[in-house]
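*Asks:* Supplied in structure tokens, the structure appears directly below.
Only the coordinates and a few stated rules stand behind these numbers; no lab work does. Nothing here was measured: the structure is a model prediction, and the numbers come from that model. So basically every Cβ, Gly included, is an ideal-geometry build from the backbone, and we count neighbours across all protein chains shown.
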Amino acid sequence: MFKGFTPQEKKVVLIISFAVVVRMLGLFLLLPVLSPYLKTLEGASPESIGLAIGIYGLAQALLQIPFGYLSDKYGRKPVIVFGMLSYALGSIMAGLVSNIWSMVFARFVQGFGAVSSAMVALSADLTREEIRTRAFATIGASIGLTFALSLVIAPPLAGRFGVPFIFFTTALLSLLVVFLIAFTVPEPKEHARDREIKPSLRNFSLLIKSKDQLFLNLSIALLHAYMVGIFTLVPYELVYTYSFPKVKHWEIYLPAVLLSMLLMVPAVIFAEKKKKFKHVFLAGILSLGFAFLVHEVFGNFLGLVLMVFFFFLGFHFLEPVVPSLLTRLTHKDIRGLSLGFFNTTQFLGAFLGGIWGGFALKGGHEYLTKIGLLTSIGWLILTLLWFRGLEDKL
């Protein structure tokens, strides 16, 4: 995967991968255990459980654009350091709460570490275009591996030490990220006088009018809404519908993650080397749609397991390709702001996915599968239309 990378590019990608992983632990490490844990808090209901899970994404959505703009204007590293310190504070708060509404507030504060746009922009700034998709695939693979590890270790950790221990652990890791970013990653060498496009509020209108930006924003929002919706429902159903012990959930998740990641590597190389982004993109959407279809058809434990596998397959196809396309199609001088818009919709999608999953907990998995299938069909049609005439830009 690192063939053709310079030593500095390899170092940057590894450190940013770790930083992104730590930030995503606020979502991934908790997904296998959070909804059953929240059910035990005072005042919990299906709706408030979904809100507590999804509001992390809402807080992220509110600050991605401001943080992206500030990273264009003042530099990537100061924004990342500030955001990770905020994330650590929110994690500590989340570990101390005792009722569901305190948890909702703590998760909202935890979500203020909204540095995804600055992190991805920093990675794009410090890597060449010809290896950038592989750089993003490495970041995506590290997220996938961490998710797989989380599925294995989260249930026993929560069972032995409690869910608050997981929050405190993510806070500690966030402080380690602050140190690594501050002292081991270079700030991009470009200065304001070298810019073709100066930081300005007028740049907002450039991106709002961009069809490429709008389509890719929608794509990442749907992908993360699917992810949070599915993993609000799945662990809850495994425990309370199928009486499947939490400590064994990794037996379902881990094989699905590892197999889908093995398939991701050749798909990403195919997209980058052969310029076949369209084919990989469409394959990812088809896999996501099939995930919802199989659970809708079977509606049982087997359907749940198959949904998990096909979701991960589609997720790992799309997660590196979508941001890579965005950075290719966006001017480097407004990359931070562009990724701010992109990550705003990503986390807004995560927030809505939590709410969506909450309704599915109350009304049945059909609330998830039917809507997911219909939106996948619409997304597929939009993708076919968007890729018309796009190949000459890539």
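*Asks:* Please state the equivalent ellipsoid semi-axes for the range 212-278: what are the square roots of 5 times the Cα gyration tensor eigenvalues, largest first, in whole Å?
*Replies:* 31, 19, 5
*Asks:* From the convex hull of the Cα coordinates of the range 278-351, what is the mean projected area in square nanometres?
*Replies:* Orientation-averaged projected area of the Cα hull: 5.5 nm².
*Asks:* Let me ask something else. Pop out the Kirkwood hydrodynamic radius of the range 339-394 from its pairwise C-alpha distances, inverse of mean 1/r, in Å to one decimal.
*Replies:* Across the range 339-394, the inverse of the average 1/r is 13.4 Å.
*Asks:* Can I ask one more? Between helix 163-184 and the chain, what is the angle of the helix's C-alpha long axis to the longest principal axis, kept within 0 to 90° and rounded to the nearest 10?
*Replies:* That works out to roughly 10 degrees.
*Asks:* Return one number: the angle in degrees, 0 to 90 and rounded to the nearest 10, between the long axis of the Cα atoms of helix 76-96 and the longest principal axis of the Cα atoms of the chain.
*Replies:* Compared with the principal axis, the helix lies near 10 degrees.
*Asks:* Taking the alpha-carbon set of the range 50-122, what are its Rg and Dmax in Å?
*Replies:* Reported Rg and Dmax, both Å: 12.7, 40.
*Asks:* Within the range 1-110, report the trypsin sites (Lys or Arg not before Pro) that DSSP leaves as loop and that have at most 13 other Cβ atoms within 10 Å.
*Replies:* Here the sparse-neighbourhood loop sites are 3.
*Asks:* Per 0.36 nm of contour for each residue apart, how much would the distance between residue 269 and residue 211 grow if the chain were fully extended, relative to their Cα-Cα spacing?
*Replies:* Full extension from residue 269 to residue 211 adds 18.3 nm.
*Asks:* Chymotrypsin sites (Phe, Trp or Tyr not before Pro) within the range 235-280: which are DSSP loop residues with at most 13 other Cβ atoms inside 10 Å?
*Replies:* When the chymotrypsin sites (Phe, Trp or Tyr not before Pro) of the range 235-280 are filtered for loop state and at most 13 Cβ neighbours within 10 Å, 242 remain.
*Asks:* Now, a different point. Counting residues in the range 215-351 as N, plug N into 2.2 N^0.38 Å and put the Cα Rg over that result.
*Replies:* Scaled against compact globular proteins, the figure is 1.14.
*Asks:* Another question about this same structure. Let me check the size of the chain from its C-alpha atoms; what are the radius of gyration and Dmax in Å?
*Replies:* 19.8, 62
*Asks:* What nm distance separates the two modelled labels at residue 380 and residue 183, each placed 7 Å from Cα along Cα→Cβ?
*Replies:* For residue 380 paired with residue 183, the spin-label model returns 5.2 nm.
*Asks:* Another question about this same structure. Test of understanding: ordering 386, 379 by Cβ neighbours within 10 Å, fewest first, what list do you get?
*Replies:* Final ranking by Cβ density, sparse to dense: 386, 379.
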